Amino acid sequence: MAEIKVDCRNETCPVPLVETRKAIRKAKPGDIIEVIGTHPASKKEIPMAVQALNLELLSVEGTDRDWKIRIRR
């Protein structure tokens, strides 16, 4: 099992979501993807995309301007 880090700080939509999707495609089942960012809309969009892809949302932490999302592939 691998842990993939995606740093999207100071990026605005749609970059964090696009980068998260790229990481999900590269990940193997069971891998953990950790996304960190600072864009408020992405904090809402990424969990919605995770649900749409039927992946496991492990956690959403932090504020709208400084957050971390963990996903299991």
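The values are calculated or read from the model by the stated rules, or taken from the named source; none is laboratory data. This one's a predicted model, so the numbers in the text were calculated from it and none came from an experiment. Using ideal geometry, Cβ is built from the backbone for each residue, glycine included, and neighbour counts are taken over all protein chains shown.
Could you please find all residues in segment 22-38 being of a type outside the set (Val, Ile, Thr) and either exposed (fewer than 12 other Cβ atoms within 10 Å of the Cβ) or over 8 Å from the mean Cα position of the chain (by Cα) (or both)?
LYS22, ALA23, ARG25, LYS26, ALA27, LYS28, PRO29, GLY30, ASP31, GLY37
Which condition does PRO16 not pass, out of (1) farther than 14 Å from VAL60 by Cβ; (2) in contact with a Ser or Thr (Cβ under 7 Å, 6 or more places away or on another chain); (3) assigned to a helix (DSSP H, G or I), if it passes all the others?
(1)
Given the criteria in contact with an Asp or Glu (Cβ under 9 Å, 6 or more places away or on another chain) and either modelled with pLDDT under 95 or acidic (Asp, Glu) (or both), does GLU34 qualify?
Here the answer is yes, as GLU34 does meet what is asked.
SER59 is checked against (1) without any contact (Cβ under 8 Å) to a residue 12 or more places away in the chain; (2) under 15 Å from ASN10 (Cα atoms); (3) in contact with a strand residue (DSSP E or B) (Cβ under 9 Å, 6 or more places away or on another chain) and fails just one. What number does that condition carry?
(2)
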